[in-house]
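Please read the structure below before turning to the comments.
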Amino acid sequence: MSYIHFDKTQLVNLNYSLDREIIRTNQSGTYTSTTIIGCNTRKYHGLLVVPQPQIDSQNHVMLSTVHETVIQHGASFNLGISKFPGNYSPRGHKYLEDFDSEPIPKLTYRVGGVLLQKELILDTNRDRLMIRYTLLDAHSPTKIRISPFLAFRSFHNLSKANTIVNKKFKKVPNGASFHLYQEYDPLFLQLSKKCEYVPAPDWYYNIEYIMERERGYDYQEDLYVPGYFEFDIEKGESVIFSAGLTEADPKTRQNAFQKEIARRIPRNNFENCLKNSAGQFLRNRDGETRVIAGYPWFGWWGRDTFVAAPGLTLTKGDSKTFLNIMDTMSKDLTGPLFPNVGSGVMTNMNSIDAPLWYFWSLQQYIIYTGDSKTIKERYLGKMKGIIDGYRAGTDFNIHVREDGLVYGGVEGIALTWMDAVTPDGPVTPRIGCPVEIQALWYNALCFYHELTGDQEIASLAEKVRDSFEREFWSIDHGYLADLVNGDEKDWAIRPNMVFATSLPYVMLNENQNDQILETVKSKLLTNRGLRSLSPDDLAYKGYYFGDQISRDNAYHNGTVWVWPMGHFVEGYIKLHGKSASNFIKKIIKGFDGVMTQYGIGTVAEIYDGDPPHRPKGAVSQAWSVAELLRMMDLTNKI
């Protein structure tokens, strides 16, 4: 039995199955995503979701879903499922026998004497999905009918019935192409064998996405069904349905499908699930290598890229991809700042920490490869520019104070990773000197000195070290202030202090680091990561739910994040050595169960602060996966 498997009793229970989603991506940035029963619950779900750079920098849902119908003796059995007001129709999930993830998503349906298997796979390098239908058993002549539901819209928006849709189609080998709106690429739908395409254009109204309703967004959509494809299928026969932005050769589909399967890492254990998931965040398009921060709705983010890149690549020995990522990102450096939210238009530079994580990421390359020469040759000038830019002062009032500490912030803008903003402004403004920024700044200075021997930078680092302990450490509290702004100090217990214990260069002694880690362990550590605020705090919110404002208010005020736990683990190992092994392995093993929850075979963005710490946010997050891989690697090296 494979590692991830769901049986009939689980699949037919909508309360269970609709909470479990699959996401698969390819190297061009295309993805396919839905629930394990094929019922879309988000506007971001779709069988073929692709970039359309001629329109904007977003992904677009081209093919939302398909409804398959099994036909025998003139009787039709629809295997599809969609949510409409008041009901699900059709209710094809009742025919499901099981779902298997090995090596690709595989659904098996039983309709009387018919046993039909459905497998989904993306072309690694093209904007194309392939679905393989295999008739495992049948006792009489069988036909399959496939009805495609087309959207042709940004994944942030919803489609509505209209009169401007282009209802014309073009015949192509074993299929048809559709070009609903002029600005879009055409969509080619083809079969690997000869079939009949029957045009029967129609709109399906008010299809509902229950997760969007729960999140307080518009949740009803109209989808266009141009007609259907119909073909005979014999017992033991496999037929492939292809949906792509370019025409495919029907004769090559079977071989293409098999080649894609051969490229897959088996998802037969926890570590392989993580490795599979890690590769899904890497996008190679137009000569650039990017890290997508999370699926389904994130683009590439500067901060997330530098935090996640080592875990996604170096832990797997893939230093080439790592350097490709850093080369791509280095071209985006503007002054001393990187784009915070990157999606093609680099106008949002409000990240005080992304440039400092850049140093850390490059350090990890040397730690894993021992190759400092490449870092000096390619990136030293960029690093110097960042240090000089911070010292000279840059946007958002980011500057180095006389005591060497980094100050940043202006009203109405969030600069750190705690960046939720509501109509009332940033939820955690953190204007002043945030604790993790000082830890990252000191580490960056020391790393630059290590590479260059620059004594002026070494002197500045010593000044930072002295100022940091004086300004942030409290003997009475036994931990670090989260923020210093003049005489004001914020003593809220947040995970930001943990970076002062984990980075390659740290400023405090072992006793101080021990006190910090024990505080974090007792107040913030859960079996899903670190809480973003102590439950003892009056501002703590234990559940992440409701509309956008409600969620944003909880996002960094108690919600659990996986990625900072990587630095808790690293700090803990640095302090305790081999004796930390069992404790850390237990933390990692605790994540084994998440592989069959929420995003199947991957790790969520966040979890509720209160038990049972339910998964929330994006179903698959780059730095969650990356830091778990790095934690495993750190533990193996103790």
**Request:** Return the loop-located trypsin sites (Lys or Arg not before Pro) in the stretch 303-340 (DSSP other than H, G, I, E, B) with at most 11 other Cβ atoms within 10 Å of their own Cβ; answer none if there are none.
**Result:** Lys331
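Tell me, what is the Rg over Rh of the stretch 524-638, with Rh the Kirkwood radius over Cα pairs? Each step should come with its number before you reach the end.
Values: Rg = 14.2 Å, Rh = 14.4 Å.
Answer for the stretch 524-638: 0.99.
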**Request:** Calculate the dipole size of the stretch 343-393 relative to its Cα centre from +1 charges on Lys and Arg beta carbons and -1 charges on Asp and Glu beta carbons; express the result in debye to the nearest 20.
**Result:** 160 debye
**Prompt:** Using the membrane-span-like helix rule (whole DSSP H runs, Cα extent along the own axis of at least 18 Å, mean Kyte-Doolittle hydropathy at least -0.5), which helices of the chain qualify?
**Reply:** 354-369, 435-452, 563-576, 622-636
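For a test of the definition: using alpha carbon positions, the gyration tensor, and the 1.5 limit on a/c, classify the stretch 269-400 as rounded, prolate or oblate.
Since a/c reaches 1.5 but b/c is at least a/b, the shape of the stretch 269-400 is classed as oblate.
Please give the length that would be gained between Asp536 and Thr369 if that part of the chain were fully extended, namely 0.36 nm times their separation in residues minus their C-alpha to C-alpha distance (nm, one decimal). Intermediate values should be presented prior to the final figure.
Numbers: separation 167, 0.36 × 167 = 60.12 nm, distance 4.28 nm.
Taking 0.36 nm per residue and subtracting the Cα distance, the gain is 55.8 nm.
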**the stretch 411-519: Cα Rg divided by the 2.2 N^0.38 Å rule of thumb** = 1.13
**Complete:** Dividing the helical contributions, -39500 (n - 2.57) per DSSP H run of n ≥ 4, by the residues of the chain yields a 222 nm value, nearest 500 deg cm²/dmol, of -9500 deg cm²/dmol
**Prompt:** With labels modelled as points extended 7 Å from the Cα through the Cβ direction, what inter-label distance (nm, one decimal) is found for Ile475 paired with Trp297?
**Reply:** 4.9 nm
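Taking the convex hull of the alpha carbon atoms in the chain, what volume per residue do you get, in Å³?
Working: hull volume 96.8 nm³, N = 638.
Once divided by residue count, the hull of the chain is 152 Å³.
Could you tell me which GluC sites (Glu not before Pro) in the stretch 152-210 are loop residues by DSSP with no more than 16 other beta carbons within 10 angstrom of their beta carbon?
On the way: sites: Glu183, Glu196, Glu208; in loops: Glu183.
Passing sites in the stretch 152-210 are Glu183.
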**Message:** With +1 on the Cβ of every Lys and Arg and -1 on the Cβ of every Asp and Glu, and nothing else charged, how large is the dipole of the stretch 5-262 about its Cα centre, in debye rounded to the nearest 20?
**Reply:** 340 debye
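Counting alpha carbon pairs within less than 8 Å and at least 6 residues apart, what relative contact order, in whole percent, applies to the stretch 5-262? Walk me through the numbers before you get to the answer.
Numbers: 651 pairs, mean separation 51.0, N = 258.
Relative contact order, the stretch 5-262: 20 percent.
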**Asked** With the contact rule set at Cα under 8 Å and sequence spacing of 6 or more, what percent relative contact order holds for the chain?
**Response** 11 percent
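Please find the FRET efficiency linking Glu377 to His73, where r is the Cβ-Cβ separation and R0 is fixed at 60 Å, and quote it to the nearest 0.05. Intermediate values should be presented prior to the final figure.
On the way: r = 72 Å, r/R0 = 1.19.
Calculated value: 0.25.
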**Asked** Along the positive direction of the dipole of the chain (beta-carbon charges: Lys, Arg +1; Asp, Glu -1; about the Cα centre), which of Gln438, Leu628, Val427 reaches farthest?
**Response** Leu628
**Request:** Can you find, among Tyr109, Asn174, Asn255, the residue farthest towards the positive end of the dipole of the stretch 5-262? Put +1 on the C-beta of Lys and Arg, -1 on that of Asp and Glu.
**Result:** Asn174
**Asked** Residue by residue through the stretch 473-488, which ³J(HN,Hα) values in whole Hz follow from phi under the Karplus form 6.51 cos²θ - 1.76 cosθ + 1.60 (θ = phi - 60°), with glycine and proline marked x?
**Response** 7, 10, 5, 5, 6, x, 7, 9, 5, 6, 8, 10, 9, x, 7, 8
**Prompt:** At what distance in nm do the modelled label points of Thr422 and Glu234 sit from each other, each positioned 7 Å from its Cα along Cα→Cβ?
**Reply:** 6.5 nm
**Request:** Quote the charge dipole size of the stretch 401-477 about the Cα centre in Debye, to the nearest 20; the model charges only the Cβ of Lys and Arg (+1) and of Asp and Glu (-1).
**Result:** 80 debye
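If you filter the stretch 370-441 for trypsin sites (Lys or Arg not before Pro), then keep DSSP loop positions with at most 11 other Cβ within 10 Å, what is left? Write down the numbers at each step before the final one.
Numbers: sites: Lys373, Lys376, Arg378, Lys382, Lys384, Arg391, Arg401, Arg430; in loops: Arg401, Arg430.
Listed in order of number, the matching sites amount to none.
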**Prompt:** Just how far, in whole angstrom, is the stretch 190-224 from the stretch 473-546 if you go by their alpha carbon centroids?
**Reply:** 47 Å
**Item:** Spin-label pair Tyr543/Asp222, simplified geometry with 7 Å Cα→Cβ offset, distance in nm
**Value:** 3.7 nm
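All of the numbers you see were taken from the coordinates with simple rules; none came from a lab. Small disclaimer: the values here were computed from a predicted structure and weren't measured. Quick reminder, even Gly has a Cβ in these numbers, built from the backbone with ideal geometry, and neighbours come from all protein chains shown.
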